[in-house]
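Heads up, the thing below is written out as structure tokens.
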Amino acid sequence: MAIRIERVPVLSDNYVWLLHDGASGETVAIDPGEAAPVLAAADTLGWQIGAIWNTHWHPDHTAGNAAVKAATGASVTGPAAEAAKIPGGLDRGIGEGDALTLGAHRAVAMHVPGHTAGHLAFHFADDALLVTGDTLFAMGCGRLFEGTAAEMYANMARYRVLPPETQVLCGHEYTQANGRFALAVDPDNAALRARMAEVDRLRAAGEATVPTTIAAELATNPFLRAQSAVELRDLRERKDAFRG
Ligand SMILES: [Zn+2]
């Protein structure tokens with residue numbers, strides 16, 4: 001049975017992802033930066049949150065951990081390297097290659113540093129599902145707060161070779177701003193122009209633009225398309241200064 005996915009908007013532009021396995025009834029909440037909307041969404045769906053997974057320590061991804069845990073008894077799993085920075089700490093600290101389960105579905109943690117030093121992605125290979133937190137966004141990538149362009153380039157190289165149909169669940173609704181920058185650096189990309197027209201239509205209607213897919217990012221994301229760490233670094237610096 002396929003994993004069911006619920007996108008819960010919290011704070012100004014964060015997304016919390018609820019993943020639910022119907023066979024076992026298990027539900028995981030990924031990166032609850034705020035508790036109330038997450039608990040309300042799970043309640044509406046009739047899903048009982050049994051686990052919290054954090055991709056990285058930033059408060060907009062972890063500030064709701066304690067309240068979700070208090071309300072549900074959920075266990076908290078996240079990057080061992082960042083446990084001391086996560087409010088309430090972790091019940092289970094993990095790193096590269098460690099396995100996670102949602103019912104019979106299996107995910108593997110990928111260590112993808114650069115945005116934060118211990119940042120994790122969660123890859124459900126059999127389900128073609130990738131949770132990227134603040135590393136890969138629709139048409140963008142995370143800022144380099146605790147790492148290097150070489151590290152982020154290595155992450156992109158790992159993502160690039162995943163099956164194109166892989167769904168990408170990222171941590172923010174940054175798509176429209178990312179796309180404006182992407183168009184500025186890649187103006188002749190027809191796929192990008194078409195995608196931005198659709199993104200503009202969705203945002204004007206107040207709708208979300210994610211999940212995305214590896215295929216869509218391969219066609220339109222300048223950071224995933226970068227040919228070298230130097231190119232990614234230059235793009236990242238230009239993006240940081242970009243006022244679209
Ligand atoms: Zn972050």
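The values are calculated or read from the model by the stated rules, or taken from the named source; none is laboratory data. Just so you know, these numbers come straight off a predicted model, no measurement behind them. All Cβ positions, glycine included, derive from the backbone under ideal geometry; neighbour counts span all protein chains shown. Areas reflect the complete protein model, heavy atoms only, side chains present, ligands, DNA and RNA absent. Shrake-Rupley method; radii C 1.70, N 1.55, O 1.52, S 1.80 Å.
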- Can you name the number of the only condition in (1) outside any loop (DSSP other than H, G, I, E, B); (2) surrounded by fewer than 17 Cβ atoms within 10 Å (Cβ to Cβ) that G89 fails? (1)
- Message: I'm trying to understand the selection: among the residues of region 91-134, which are of a type in the set (V, I, T) and within 16 Å of the ligand (Cβ to nearest atom)?
- Response: V112, T116, V131, T132
- Which one is surrounded by the most Cβ atoms within 10 Å (Cβ to Cβ) among residues in region 1-21 that are free of Cβ contacts under 8 Å to residues at least 60 places away in the same chain and assigned to a loop (DSSP other than H, G, I, E, B)? L11
- Query: Among P187, P211, P164, P222, which is the only one that is open to solvent by 30 Å² or more (accessible area, probe 1.4 Å), over 28 Å from E6 (Cβ atoms) and modelled with pLDDT of 95 or more?
  - Reply: P187
- Query: Do the conditions hold for V76, that is, is it surrounded by fewer than 17 Cβ atoms within 10 Å (Cβ to Cβ) and assigned to a strand (DSSP E or B)?
  - Reply: no
- Query: If A177 passes every condition in (1) in a helix (DSSP H, G or I); (2) under 27 Å from G33 (Cβ atoms); (3) away from the ligand (no atom under 16 Å from the Cβ); (4) in contact (Cβ under 8 Å) with a residue 24 or more places away in the chain but one, which one does it miss?
  - Reply: (3)
- Just to be sure, is E146 of a type in the set (D, E), closer than 23 Å to H58 by Cβ and in contact with a Lys or Arg (Cβ under 9 Å, 6 or more places away or on another chain)? no
- Message: Based on this model, can you work out whether E34 counts as touching a strand residue (DSSP E or B) at 6+ places or on another chain (Cβ under 9 Å), outside any strand (DSSP E or B) and surrounded by fewer than 16 Cβ atoms within 10 Å (Cβ to Cβ)?
- Response: no
- Note on the structure: Residue hits (region 37-60; of a type in the set (V, I, T) and either surrounded by fewer than 19 Cβ atoms within 10 Å (Cβ to Cβ) or over 17 Å from H105 (Cα atoms) (or both)) are V38, T44, T55
- Item | Of all residues making up region 37-55, the number that are of a type in the set (A, V, I, L, M, F, W, C), assigned to a loop (DSSP other than H, G, I, E, B) and closer than 20 Å to L136 by Cβ | 0
- Task: Determine, yes or no, whether G78 is within 15 Å of the ligand (Cβ to nearest atom) and touching a Pro at 6+ places or on another chain (Cβ under 7 Å).
- Result: no
- Only one of A194, A182 that is surrounded by fewer than 20 Cβ atoms within 10 Å (Cβ to Cβ) and not β-branched (V, I, T): A194
- Counting only residues that are open to solvent by less than 70 Å² (accessible area, probe 1.4 Å) and either part of a strand (DSSP E or B) or closer than 15 Å to L129 by Cα (or both), how many does region 22-31 have? 4
